[in-house]
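Sending over a structure as structure tokens; questions will come in a sec.
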Amino acid sequence: MAFRKKSLQKSLMSQTSPNSPITESSKPFDTTAGDVPFATAEGADLPPDENDPLAHLYKMSRTAGLGSGDYVAINTVAVVSLVFGIAGALVVVDSLFVVLPLVGLILGIIAFRQVRQSNGTQSGAGMAGLAMLLSICFLGGKVGKELIDSLRLSADKKEIVAMISTFGQDVAEIDPAKPDDTSAHLASAYDMFDEAFKSRVSLKQFESLWISTLQSPFYGPMVSMYSNGLLKFDVDPKSGDEVCTSIAIAQFKRGEAPRWAMTFRQLNNKWYIEDMPEVFPTAQPQQQQQRGR
């Protein structure tokens, strides 16, 4: 390199005298001969050395992605939001997991804005969009299901409350002095029970119990019956039927109003009274064996 520089200096001195000005037409060196400017010879504009192992590595750039071949980083928040968006499917298992799609939606919005404002230096807008879409679908599906269940539960609650009131009206129409004249009301009240109850308690037993109750000096004729407003819905693990438990308050002309537990079961989209265990107690196994003897 030093020898090349001295040759260029000698050539320049031989072509230009000390007193002659350097004009634009003066050519201190011959470019066609392969000579290069002094600055180029110093290495300012030389191409990278082919032997340099780091010369061809890609480098991050503030304008990466704008028509260049530079590496574009993936937005980390977009990746995390997609993970939460996919995990949002767990809301089907339990409502406690509703936080997952909610976090996925929030992170997806943040990631989408970050990618849009990165001037092309970040990617992941598609992942953020997918995360938002999944989160919205899972959240919307869960909210929609809860709304439908709430409306259906409200309708079931109204139906059961009305059943208790209707049952009380049928019993209130019974005249203990003339039971035969009001047997239709007893039959109507009896039909509100399911087949399992009817197989255990016959219509005759049903009529006999209510007539004796209405003739009792402690109760007398029934005035009305109504629910206390507290209904507990559940699913029978054996049959998969929906069941409900409530407390019925019976008002008689005499004595305090007793509170009787009532259970209900839904069969073929219709609710039936399953049992009134305090009014019609189930015989214990020992009693059944004694009766069998």
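Laboratory data are not the source of any read-out in this text; all were calculated from the coordinates shown. In this text, all values refer to a predicted model and were calculated from it rather than measured experimentally. Counting neighbours? That spans all protein chains shown, and the Cβs are built from the backbone with ideal geometry, glycine included.
Using θ = phi - 60° and the Karplus curve 6.51 cos²θ - 1.76 cosθ + 1.60, what whole-Hz ³J(HN,Hα) does each residue of region 121-133 get, with Gly and Pro shown as x?
Each residue's phi maps through the Karplus curve to give 7, 10, 10, x, 5, x, 5, 5, x, 5, 4, 5, 5 Hz.
Let me ask something additional. With θ set to phi - 60°, apply the Karplus curve 6.51 cos²θ - 1.76 cosθ + 1.60 along region 221-235 and write out the HN-Hα couplings as whole Hz, x wherever there is a Gly or Pro.
x, 7, 9, 6, 9, 8, 7, 7, x, 9, 10, 10, 9, 7, 10
Further question: How far is the Cα center of region 124-167 from the Cα center of region 219-258, in Å?
Taking the Cα centre of region 219-258 as reference, the centre of region 124-167 is 28 Å away.
A follow-up question, please. I need Cys137, Cys244 ordered by Cβ neighbour count within 10 Å, fewest first.
Details: Cys137 14, Cys244 20.
Starting with the residue having the fewest Cβ neighbours, the order is Cys137, Cys244.
Pull up all non-local amide H partners of Val223: gap of 5 or more, or a different chain, and H-to-H distance under 5 Å with H placed in the peptide plane.
Gln251, Phe252, Lys253
Taking other Cβ within 10 Å of each residue's Cβ, how do Ser183, Ser199, Ser246, Ser118 sort, fewest first?
The fewest-first ordering by Cβ neighbours comes to Ser199, Ser183, Ser118, Ser246.
Going by how many other beta carbons lie within 10 Å of each one, how would you line up Trp260, Trp210, fewest first? Intermediate values should be presented prior to the final figure.
Working: Trp260 16, Trp210 21.
Sorted ascending by nearby Cβ count, the order is Trp260, Trp210.
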